[in-house]
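The structure appears right after this line, and notes come after that.
The values are calculated or read from the model by the stated rules, or taken from the named source; none is laboratory data. All figures in this text were calculated on a predicted structure; none of them were measured in a lab. Cβ placement follows ideal geometry from the backbone for every residue including glycine, while neighbour counts extend to all protein chains displayed.
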Amino acid sequence: MIQITDTAADKIAEMIRDIDSDRYFLRIGVSDGGCSGLSYSIRFDDTLDEEDQVVAWGEFQVAIDYASVEYLEGIQIDYKESGMNGGFTIDNPNAKFSCGCGASFRTAVYRGKAEKCD
């Protein structure tokens, strides 16, 4: 299962409130790409797919597509403030190698399809 820190959960709930709609939830996924082979996707969505794994998390729900579950098992999502900026971070115990910015990774059993970084 995934973990979301209180700081990240508060920020996600705030962002969903700013959208001003109860039907939105956080969607987390993984796809081929990025300089290490697999890239994270975190976005707000309002449409569930039949095979989504859905977890209630306080004020919101989290959906993970079926194909991404094995790559996201045990992740921890946090939110960090940095000066005038802030952003979500993902600590993934399945990642055996990550790029310098942390946006892409590969596992011990799947390397994904790496793309050249711009």
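Could you tell me which residue of the stretch 18-30 is modelled with the lowest pLDDT, considering only residues that are farther than 16 Å from Gln76 by Cα and out of contact with any helix residue (DSSP H, G or I) (no Cβ under 9 Å at 6 or more places or on another chain)?
Out of the qualifying residues, it is Asp20.
Can you name every residue in the stretch 46-88 that is closer than 25 Å to Glu14 by Cα, in contact with a Gly (Cβ under 7 Å, 6 or more places away or on another chain) and of a type outside the set (Phe, Trp, Tyr)?
Of everything in the stretch 46-88, those that are closer than 25 Å to Glu14 by Cα, in contact with a Gly (Cβ under 7 Å, 6 or more places away or on another chain) and of a type outside the set (Phe, Trp, Tyr) turn out to be Ile64, Asp65, Lys80.
Given the condition touching a Lys or Arg at 6+ places or on another chain (Cβ under 7 Å) and either assigned to a strand (DSSP E or B) or modelled with pLDDT of 95 or more (or both), answer yes or no: does some residue in the stretch 55-69 qualify?
Yes.
Which condition from (1) of a type outside the set (D, E, K, R); (2) touching a residue at least 60 places away in the same chain (Cβ under 8 Å); (3) crowded, with 19+ Cβ neighbours inside 10 Å; (4) at negative phi is the one that Thr5 breaks?
So the condition that Thr5 fails would be (3).
For the stretch 47-59, does any single residue satisfy the condition of being in contact (Cβ under 8 Å) with a residue 60 or more places away in the chain, of a type outside the set (Phe, Trp, Tyr) and in contact with a strand residue (DSSP E or B) (Cβ under 9 Å, 6 or more places away or on another chain)?
No, the stretch 47-59 contains no residue that is in contact (Cβ under 8 Å) with a residue 60 or more places away in the chain, of a type outside the set (Phe, Trp, Tyr) and in contact with a strand residue (DSSP E or B) (Cβ under 9 Å, 6 or more places away or on another chain).
With the checklist (1) at pLDDT 95 or above; (2) within 21 Å of Thr107 (Cα to Cα); (3) among the hydroxyl-bearing types (Ser, Thr, Tyr) in hand, flag the one item Ser39 doesn't pass.
So the condition that Ser39 fails would be (1).
Being acidic (Asp, Glu) and surrounded by 15 or more Cβ atoms within 10 Å (Cβ to Cβ) is true for just one of Asp18, Asp52. Which residue is that?
Asp52
Determine whether Gly33 is modelled with pLDDT under 90, farther than 17 Å from Thr89 by Cβ and surrounded by 18 or more Cβ atoms within 10 Å (Cβ to Cβ).
Against the criterion (modelled with pLDDT under 90, farther than 17 Å from Thr89 by Cβ and surrounded by 18 or more Cβ atoms within 10 Å (Cβ to Cβ)), Gly33 does not qualify.
Need pairs with beta-carbon distance below 8 Å; first residue farther than 23 Å from Thr107 by Cα and within the stretch 62-83, second hydroxyl-bearing (Ser, Thr, Tyr); sequence gap 6+ or separate chains.
Filtered contacts from the stretch 62-83: Tyr79/Thr5; Tyr79/Thr7; Tyr79/Thr89; Lys80/Thr7; Lys80/Thr89.
Would you check if there is a residue in the stretch 10-22 being more than 24 Å from Thr107 (Cα to Cα), within 14 Å of the chain's Cα centre (by Cα) and β-branched (Val, Ile, Thr)?
Yes: the stretch 10-22 contains one or more residues that are more than 24 Å from Thr107 (Cα to Cα), within 14 Å of the chain's Cα centre (by Cα) and β-branched (Val, Ile, Thr).
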